[in-house]
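Structure first, commentary second.
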Amino acid sequence: MKYDAIIIGSGLSGLAAGIRLAMFEKKVLIVEKHVEVGGLNSFYSRKHRTFDVGLHAMTNYTPKGVRTSPLGKLLKQLRFKHDEFRLCPQEMSEIRFPDKVLRFTNDFEFLVQEIAEQFPSQIDGFQKLLTRIREFNELNLDDSQQISSRQVLESCLTDPVLIDMLYCPLKYYGNAAEGDMDFYQFVIMFKSIFMEGFAKPVGGMPYILKLLVDKYKSLGGELRMGAGVQSIVHKDGKLQSIQLENTETLVADKVISSAGIVETLRLCRPRIVGESDLKIGQMSFIESIFVLDRMPKEVGYDKSIVFYSTESRFKYRVPKGLTDVTSGVLCCPNNFHYPEAPSEGVIRLTNQANFKLWDALARSDYRAAKKEYRGRGVNALLTYFPDFSDHIIYIDSFTPKTIFKYTGHLNGAVYGSPTKIKSGRTPVKNLFICGTDQGFLGIIGATLSGISMANLHILQAEAKSEYGRI
Amino acid sequence: MTREQVRQAILNIISDIAPDEDLGAVKDEEKLRDQFDLDSMDFLDIVMELRKRFNLEVPEKDYQELVTVASSVEYLFPRLKDYELVS
């Protein structure tokens with residue numbers, strides 16, 4: 001049995017690619033090594049509760065009727081109506097640093113006004129930055145250009161605190177690299193968070209994933225769970241077959257992998273020369289989920305999302321210790337415009353974490369370390385927020401090690417490699433990548449990545465007989 | 001297929017791709033891109049739908065023929081006239 005395409009990974013990018021191919025009657029199979037779909041944006045259950053993984057909020061929110069935004073395009077390409085996503089916009093978020101607070105909503109002008117008030121000397125520079133952002137084509141799939149975002153920001157703004165405050169949410173929600181960010185990534189994140197906005201779907205990731213899986217299957221797509229890939233076999237630079245961990249061999253004209261660029265190349269047999277030169281993503285996180293006996297607003301947490309730093313210079317790099325609690329992201333899922341309020345109050349806390357150190361812990365120390373660093377994380381929050389410890393009825397934490405264990409993404413690097421392959425091409429003909437390493441980030445971004453790669457390399461490619469020689 | 005059937009087939013495809021658009025108001029001589037929010041991804045879908053529904057390949061050099069409803073009908077009619085619609 002030969003497939004037109006096999007997709008490795010049933011996360012958002014893999015499912016989206018699958019839907020596009022099945023929609024145009026390609027014989028497509030998605031293979032997923034885990035028992036659950038979703039990859040880096042999945043979910044899990046404990047007792048009677050279901051928790052999202054990787055989702056604080058969807059970025060790139062635009063309301064119904066906006067068709068040219070990333071979300072609008074995605075809905076058109078996958079043939080969904082806006083209402084089907086059941087998106088509930090945020091109330092208000094903030095960036096909190098020791099001496100300054102910037103609030104923002106899904107109305108971009110609100111942030112512009114905040115900056116004018118909090119940083120009056122910077123507002124002209126900020127408008128200059130906005131012009132640069134608006135003029136830039138961040139969706140260009142040409143791999144060649146690299147512009148440092150820091151250079152652009154420093155050419156427009158002179159206050160390092162404002163620069164760090166703008167970076168804080170953008171890095172936490174999508175920077176694979178330590179320190180600086182490529183300008184095109186900066187533009188993608190800036191638009192998705194500030195110019196567009198946040199929303200959460202009613203029902204969370206389980207709901208969104210079910211929507212995608214149901215559509216995929218109704219179009220004739222095949223999905224195999226617990227079917228990890230052992231190797232991608234190639235010959236003379238061309239894809240031959242896929243071998244699963246259960247030794248089964250599968251054949252397809254093309255393969256799109258969402259496993260990550262390094263992870264994908266490591267599966268290739270014979271081994272790809274220079275594969276070890278590629279940079280593996282380093283940035284990972286620890287996240288704790290606190291279920292409360294009351295609503296977050298009742299304990300003084302009234303924002304949708306808070307990006308904070310307890311120090312005036314914001315650091316974004318692999319921490320020297322297990323976790324860096326001096327900055328983080330605080331999410332209160334309840335503080336979104338839900339039609340019906342969720343029944344329990346939840347607070348989620350995320351900090352930067354060091355995969356190697358977490359992975360090296362002995363089993364017996366691991367649990368104690370989670371508790372220790374969770375406590376430290378909450379303590380750091382008390383710089384700005386009230387203590388909610390007395391109201392916790394359930395806690396869970398997951399670390400970079402958890403992320404690696406369930407997704408296979410090396411180092412639990414949720415934003416993938418700092419080197420993005422915008423074209424999606426690999427050294428092996430007919431083997432492509434999609435997902436975070438192709439470069440579009442976030443839930444909407446990853447979904448668009450799957451759509452774009454399926455369109456470019458499979459659907460469109462068939463119209464061009466010379467494709468592949470580029 | 002008659003010219004009218006070809007025209008309707010084109011409008012059916014557009015309505016699947018852009019379900020929120022009001023096709024009743026379409027102007028056949030005006031560029032589709034100007035009347036509806038259609039980008040290059042949407043145009044790809046129009047071509048893909050023609051392939052799927054009518055087994056018709058539109059080569060890239062002919063994409064420009066599809067800019068208006070009128071030009072699309074002119075381009076597709078000779079290629080689809082032997083195709084019988086099974087309703």
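Please work out the FRET efficiency for the pair A:LYS320 and B:TYR63, using the Cβ-Cβ distance as r and a Förster radius of 35 Å; give the result to the nearest 0.05.
Working: r = 55 Å, r/R0 = 1.57.
That pair, A:LYS320 with B:TYR63, gives E of 0.05.
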Using alpha carbon centroids, what distance separates the range A:318-346 and the range A:3-38, in Å?
31
GNM on chain B, C-alpha springs below 10 Å: top fluctuator among B:SER40, B:SER72, B:SER15?
B:SER40
Euclidean distance between Cα centres, the range A:196-226 to the range A:364-380, Å:
33
Helix-only mean residue ellipticity at 222 nm for chain A, each DSSP H run of n ≥ 4 adding -39500 (n - 2.57), per residue, nearest 500
-9000 deg cm²/dmol
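What does the extension gain come out to for A:ARG376 and A:LEU130, with contour length at 0.36 nm per residue minus their alpha carbon separation?
Details: separation 246, 0.36 × 246 = 88.56 nm, distance 3.73 nm.
Full extension of this stretch gives 84.8 nm more.
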About the Cα centre of the range A:81-164, what is the dipole size in debye to 20, counting +1 per Lys and Arg Cβ and -1 per Asp and Glu Cβ, all else neutral?
40
Going from the fewest other Cβ atoms within 10 Å to the most, one would list A:GLU32, B:GLU49 as B:GLU49, A:GLU32
Subset of A:LYS217/A:LYS370; A:LYS81/A:LYS217; A:LYS81/A:LYS200; A:LYS27/A:LYS210; A:LYS303/A:LYS356; A:LYS76/B:LYS27 violating a 28 Å alpha-carbon distance limit
A:LYS217/A:LYS370; A:LYS303/A:LYS356
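Can you sort A:LYS33, B:LYS52, A:LYS47 by how many other beta carbons sit within 10 Å, fewest first? Before the final figure, lay out each step's value.
Numbers: A:LYS33 21, B:LYS52 14, A:LYS47 6.
In increasing order of surrounding Cβ atoms, one gets A:LYS47, B:LYS52, A:LYS33.
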Among A:GLY237, A:GLN151, A:TYR172, whose Cα sits farthest toward the positive end of the charge dipole of the range A:132-245 (+1 at Cβ of Lys/Arg, -1 at Cβ of Asp/Glu, about the Cα centre)?
A:GLY237
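Given a cut-off of 19 Å, name the pairs among A:LYS100/A:LYS315; A:LYS191/A:LYS315; A:LYS2/A:LYS238; A:LYS254/A:LYS429; A:LYS73/A:LYS215 whose C-alpha atoms lie farther apart than that in the structure shown. Could you put the intermediate results ahead of the total?
Values: A:LYS100/A:LYS315 17 Å; A:LYS191/A:LYS315 22 Å; A:LYS2/A:LYS238 16 Å; A:LYS254/A:LYS429 9 Å; A:LYS73/A:LYS215 17 Å.
Listed pairs above 19 Å: A:LYS191/A:LYS315.
With charges set only on the Cβ (+1 for Lys and Arg, -1 for Asp and Glu), what does the dipole of the protein assembly as shown come to about its Cα centre, in debye to the nearest 20?
Numbers: 70 positive and 73 negative charges, 374 e Å.
The dipole of the protein assembly as shown has a size of about 1800 debye.
Values in this text are rule-based calculations from the coordinates and carry no lab data. Keep in mind that this is a model prediction, so the values were computed, not measured. With ideal geometry, Cβ positions are generated from the backbone for all residues, glycine too; neighbour counts draw on all protein chains shown.
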